[in-house]
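Visitor: Below is the structure I would like to discuss, written out as structure tokens.
The values are calculated or read from the model by the stated rules, or taken from the named source; none is laboratory data. Since we're looking at a predicted model, the values are computed, not measured. Positions of Cβ are backbone-derived with ideal geometry, glycine not excepted, and every protein chain shown enters the neighbour counts. Accessible surface is based on the protein model in full, side chains and every heavy atom, while ligands, DNA and RNA are left aside. Shrake-Rupley method; radii C 1.70, N 1.55, O 1.52, S 1.80 Å.
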Amino acid sequence: MKNELIERFTSYVKVDTQSDESSETCPSTEGQWTLLHMLEKELKQVGMDEVTLDENGYLMATLPANTSKTVPTIGFLAHVDTATDFTGKNVNPQIVENYDGGEIVLNEALKVIMSPKDFPSLPEYKGHTLITTDGTTLLGADNKAGVTEIMTAMAYLIKHPEIKHGKVRVAFTPDEEIGRGPHKFDVAAYNANYAYTVDGGPLGELEYESFNAAGAKITIKGNNIHPGSAKNKMVNSMKIAMELHSKLPAQEVPEHTEGYEGFFHLLSFNGDVEQTNLNYIIRDHDREKFNARKADLEAIVSDLKEKYGQDKILLELNDQYYNMREKIEPVKEIVDIAHQAMVNLDITPITKPIRGGTDGSQLSYMGLPTPNIFTGGENFHGKFEFISVDNMVKATHTIIEIIKLTEQKA
């Protein structure tokens with residue numbers, strides 16, 4: 001299984017599937033179509049039934065039941081796109097056999113080194129086979145590792161019909177990284193009782209709580225005048241933007257928060273004297289605190305409008321997804337099955353809130369309760385991203401064990 005996972009994963013990550021928020025198509029980029037067509041062909045080759053790829057890039061397939069029991073239909077999902085934070089073009093995966101626990105030179109020419117001093121969890125992977133970047137791109141384990149593990153689990157079950165299971169649905173989806181993953185997902189066509197996203201990080205992660213999330217786009221208009229004659233005429237939009245940002249709580253940012261602590265995160269700041277554009281994301285697990293954060297930002301903008309003019313600042317504030325706990329707790333047994341599957345495999349479950357969101361956040365509110373399980377990767381969205389192949393094997397076996405337990409408990 002290990003070599004099978006490596007072969008699949010390294011072929012998938014070489015396809016540039018970075019999503020694009022500025023695109024209005026679905027999927028947002030052609031590269032996603034390239035990988036989806038590859039996966040469509042592979043699903044048929046491994047023997048899956050009912051393989052469909054719709055016009056919006058949602059790829060679905062069925063593993064038929066092989067038991068006489070009445071078993072809930074369960075699903076497994078992963079997204080094919082990679083993050084917008086760092087380039088996903090020309091990914092060149094590096095395989096580190098029997099990792100020694102020390103520094104890993106990702107790129108000698110550029111002096112890019114992944115060190116335990118900067119990433120204290122690295123020594124935990126001593127003896128593992130790791131897949132890393134070459135120091136110039138992200139890897140794409142988020143979420144091509146999940147795609148790989150689901151595909152490998154399905155191929156395994158088809159080759160081992162002695163393992164009894166109910167009907168299993170899989171789906172590979174576009175544009176999760178830009179928050180649109182489930183926007184056109186056909187829950188009725190998927191027709192599962194519940195599902196799991198395979199989109200987590202290190203070994204044992206099991207998540208059914210996500211952030212409540214919003215995005216804010218702020219446009220600030222200035223007035224550019226020659227600096228020699230600017231007195232009482234120039235309005236510097238960048239200075240207003242800095243003033244706005246300074247009014248947000250300095251410690252309530254990603255780099256100073258953890259656990260259930262929410263934040264404001266400035267994603268981009270682009271401008272000149274005439275116009276500045278700010279993009280923020282707002283996150284909190286608690287719905288009341290989430291709403292209060294949005295209200296605080298609106299109040300700051302309102303005060304600055306009073307100071308500089310109503311037409312000088314435009315705020316677009318939109319909710320993106322909500323904490324899926326509200327929809328999963330009534331069917332908590334689906335989390336318990338995943339927990340038991342890991343215990344059965346001698347994996348210590350780590351149940352914690354997601355400091356982010358998955359497609360499951362939105363799918364749970366669309367009537368498909370969808371917790372999240374680990375893939376085995378770390379340091380997503382950057383050049384230090386890596387994954388343990390040993391833990392990919394364990395993730396694949398966790399998928400298989402969830403399917404087995406669902407049949408046994410029916």
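Visitor: Name the pairs whose Cβ atoms lie under 9 Å apart, with the first residue in segment 255-282 and without any contact (Cβ under 8 Å) to a residue 40 or more places away in the chain and over 20 Å from S237 (Cβ atoms), the second open to solvent by 40 Å² or more (accessible area, probe 1.4 Å) and of a type in the set (A, V, I, L, M, F, W, C), and 6 or more positions between them or separate chains?
Guide: From segment 255-282, the pairs are H256/A250.
Visitor: Given the criterion within 17 Å of S121 (Cα to Cα) and among the charged types (D, E, K, R), identify the matching residue among E333, E378.
Guide: E378
Visitor: Out of K111, K89, which single residue is surrounded by fewer than 15 Cβ atoms within 10 Å (Cβ to Cβ) and either among the aromatic types (F, W, Y) or more than 24 Å from the chain's Cα centre (by Cα) (or both)? Steps first, please.
Guide: Numbers: K89 fails: either among the aromatic types (F, W, Y) or more than 24 Å from the chain's Cα centre (by Cα) (or both).
Going through K111, K89 in turn, the sole match is K111.
Visitor: Now for a different question. Let me confirm something: among E97, E103, which residue is within 20 Å of M1 (Cα to Cα) and open to solvent by 30 Å² or more (accessible area, probe 1.4 Å)? Reasoning before the result, please.
Guide: Numbers: E103 fails: within 20 Å of M1 (Cα to Cα).
Criteria check complete, one pass: E97.
Visitor: Let me ask you something else. Can you pull out the strands (runs of 3 or more DSSP E) entirely within segment 116-234 that have at least 1 residues that are in contact with a Gly (Cβ under 6 Å, 6 or more places away or on another chain) and polar (S, T, N, Q)?
Guide: Numbers: elements: 130-132, 168-173, 194-198, 205-207, 212-221.
Here the list reads 168-173, 194-198.
Visitor: Checking A141 against (1) within 30 Å of I104 (Cα to Cα); (2) more than 16 Å from the chain's Cα centre (by Cα); (3) touching a residue at least 24 places away in the same chain (Cβ under 8 Å); (4) surrounded by 18 or more Cβ atoms within 10 Å (Cβ to Cβ), which single condition isn't satisfied?
Guide: It fails just one condition, (2).
Visitor: Also, I was wondering about something else. Assess whether K305 counts as being surrounded by 13 or more Cβ atoms within 10 Å (Cβ to Cβ), in contact (Cβ under 8 Å) with a residue 24 or more places away in the chain and either of a type outside the set (G, A, S) or in contact with a Cys (Cβ under 7 Å, 6 or more places away or on another chain) (or both).
Guide: Values: surrounded by 13 or more Cβ atoms within 10 Å (Cβ to Cβ): yes; in contact (Cβ under 8 Å) with a residue 24 or more places away in the chain: no; either of a type outside the set (G, A, S) or in contact with a Cys (Cβ under 7 Å, 6 or more places away or on another chain) (or both): yes.
Here the answer is no, as K305 does not meet what is asked.
Visitor: When you scan segment 53-70, do you find a residue that is assigned to a strand (DSSP E or B) and open to solvent by 30 Å² or more (accessible area, probe 1.4 Å), even just one? Give the steps one after another, and end with the answer.
Guide: At the first step, the residues of segment 53-70 found to be assigned to a strand (DSSP E or B) are 53, 59-63.
Next, only the ones that are open to solvent by 30 Å² or more (accessible area, probe 1.4 Å) stay: 53.
The answer is yes; a qualifying residue exists.
Visitor: Ok, one more. From K383, K394, grab the single residue that is modelled with pLDDT of 95 or more, farther than 23 Å from V170 by Cα and out of contact with any strand residue (DSSP E or B) (no Cβ under 6 Å at 6 or more places or on another chain).
Guide: Every option except K383 fails the conditions.
Visitor: Let me ask something else about it. Of the residues K221, K164, only one is of a type in the set (K, R) and in contact with a Lys or Arg (Cβ under 6 Å, 6 or more places away or on another chain); which?
Guide: On the way: K164 fails: in contact with a Lys or Arg (Cβ under 6 Å, 6 or more places away or on another chain).
It is K221.
Visitor: Working only within segment 357-392, note down all residues that are outside any strand (DSSP E or B), open to solvent by 10 Å² or more (accessible area, probe 1.4 Å), out of contact with any helix residue (DSSP H, G or I) (no Cβ under 6 Å at 6 or more places or on another chain) and more than 22 Å from A214 (Cβ to Cβ).
Guide: The answer is N379, G382, K383, F384, D390.
Visitor: Still on this structure: I'd like the full set of residues that are touching a residue at least 12 places away in the same chain (Cβ under 8 Å) and either in contact with a helix residue (DSSP H, G or I) (Cβ under 8 Å, 6 or more places away or on another chain) or more than 17 Å from L138 (Cα to Cα) (or both), limited to segment 12-23. Outline the logic, then answer.
Guide: Let us first name the residues in segment 12-23 that are touching a residue at least 12 places away in the same chain (Cβ under 8 Å), namely 12-21.
If the condition is that a residue be touching a residue at least 12 places away in the same chain (Cβ under 8 Å) and either in contact with a helix residue (DSSP H, G or I) (Cβ under 8 Å, 6 or more places away or on another chain) or more than 17 Å from L138 (Cα to Cα) (or both), then Y12, V13, V15, D16, T17, Q18, S19, D20, E21 are the ones that fit.
Visitor: Scan segment 340-349 residue by residue and report those that are surrounded by fewer than 19 Cβ atoms within 10 Å (Cβ to Cβ) and out of contact with any Asp or Glu (no Cβ under 9 Å at 6 or more places or on another chain).
Guide: So the first thing to find is which residues in segment 340-349 are surrounded by fewer than 19 Cβ atoms within 10 Å (Cβ to Cβ), and the list is 340, 343-346, 348.
Hits for segment 340-349 are V343, D346, T348.
Visitor: While we're looking at this one, here's another question. Testing D286 on (1) touching a strand residue (DSSP E or B) at 6+ places or on another chain (Cβ under 6 Å); (2) touching a residue at least 40 places away in the same chain (Cβ under 8 Å); (3) open to solvent by 40 Å² or more (accessible area, probe 1.4 Å), one condition comes back false. Which one is that?
Guide: It is condition (1) that D286 fails.
Visitor: What are the residue pairs meeting all of these: first residue in segment 41-57, first residue modelled with pLDDT of 95 or more, second residue surrounded by 14 or more Cβ atoms within 10 Å (Cβ to Cβ) and of a type in the set (G, A, S), Cβ atoms under 8 Å, and 6 or more apart or on different chains?
Guide: Sorted first by the residue in segment 41-57, then by its partner, the pairs are L43/A61; V46/A155; G47/A155; M48/A61; D49/A61; E50/A61; V51/A61; T52/A61.
Visitor: Would you check which residues across segment 206-236 are without any contact (Cβ under 8 Å) to a residue 40 or more places away in the chain and crowded, with 18+ Cβ neighbours inside 10 Å and list them?
Guide: First, the residues of segment 206-236 that are without any contact (Cβ under 8 Å) to a residue 40 or more places away in the chain: 225-234, 236.
Once the filter is applied, which keeps residues that are without any contact (Cβ under 8 Å) to a residue 40 or more places away in the chain and crowded, with 18+ Cβ neighbours inside 10 Å, segment 206-236 yields only N236.
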